[in-house]
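The values are calculated or read from the model by the stated rules, or taken from the named source; none is laboratory data. Keep in mind that what you see is a predicted model, and the values were worked out from it rather than measured. Because the Cβ atoms are built from the backbone with ideal geometry, glycine has one as well, and the counts that use them run over all protein chains shown.
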Amino acid sequence: MELNRIGSYLAVAIVAGLIGYVAAKSTAVQTGGKCDIHLSLSDRELQAIKTNLARARAQAFDAASADGQNRDGANRAAEDAAFDTFVHNLRSPLGNEYARHRTALDGCF
């Protein structure tokens with residue numbers, strides 16, 4: 001009698017686990033697929049982006065410091081300039097990636 005009871009508990013646990021797994025798998029956010037964007041940058045392009053970021057950050061920091069802003073304001077201005085430069089530098093690679101995947105991306109937007 002006790003063996004049947006343990007067996008039924010085990011069966012219920014297995015079924016509940018399977019149902020939970022299927023439910024979690026069906027509602028999970030899909031990562032990966034046709035809408036992924038993968039930029040391809042050469043080592044030279046990546047180094048140019050890093051150099052441009054460092055230059056923009058230094059220039060903005062120096063300009064903000066010369067205007068009499070405190071160190072936090074100068075750091076904020078430097079990071080804002082670096083962000084703008086980074087976004088500007090990625091426009092061309094993003095455009096190329098969009099053109100390459102145009103038909104796949106049409107269903108994503």
Legend entry - Top-ranked residue in the stretch 52-91 [being surrounded by fewer than 11 Cβ atoms within 10 Å (Cβ to Cβ) and within 22 Å of the chain's Cα centre (by Cα); ranked as farthest from H38 (Cα to Cα)]: V87
Inset, instruction - State all residues of the stretch 13-46 that are acidic (D, E) and either modelled with pLDDT under 85 or closer than 16 Å to L94 by Cα (or both); if no residue qualifies, say none. - result: D36, E45
Inset, instruction - Would you check if there is a residue in the stretch 39-61 being farther than 25 Å from H101 by Cα, part of a loop (DSSP other than H, G, I, E, B) and without any contact (Cβ under 8 Å) to a residue 40 or more places away in the chain? - result: no
